[in-house]
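Below is one structure, written out as structure tokens; comments come after it.
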Ligand SMILES: [Zn+2]
């Protein structure tokens, strides 16, 4: 897999994963038009509740409401869009919400 983030691959993968549903209306303004930046974002993550230092991050693709700017983030590791080396344990470790 190429190391370069591809927004069109993200959109195709997201549409495939949520099928037969589609993006719901924006929870803030009710709009139904979206765009996605060509860049990927990262959200700092950490185990301490006393504060986070920038260290590990969760790479996320964004879907942005074109009416109000509300941003939804999708973890691209879950969508299988990270290079294989970046998904090894620890770097982007996660605990299932169902645990
Ligand atoms: Zn909106």
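At-a-glance table
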quantity: Projected area averaged over orientations for segment 7-83, convex hull of C-alpha atoms, nm²; calculated: 6.3 nm²
quantity: Simple label model, 7 Å out from Cα along Cβ direction - residue 53 to residue 18, nm; calculated: 3.7 nm
quantity: Segment residue 70-residue 85, extension gain: residue separation times 0.36 nm, minus the distance between their alpha carbons; calculated: 2.3 nm
quantity: Whole-number percent relative contact order across segment 7-83, with pairs defined as alpha carbons under 8 Å at least 6 apart; calculated: 29 percent
quantity: Gained length - residue 39 relative to residue 25, 0.36 nm times residue gap less alpha-carbon distance; calculated: 2.7 nm
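No value in this document is a laboratory result; all are computed from the given coordinates. This is a predicted model, so every value here is computed, not measured. Every residue, glycine as well, gets a Cβ built from its backbone with ideal geometry; the counts of neighbours run over all protein chains shown.
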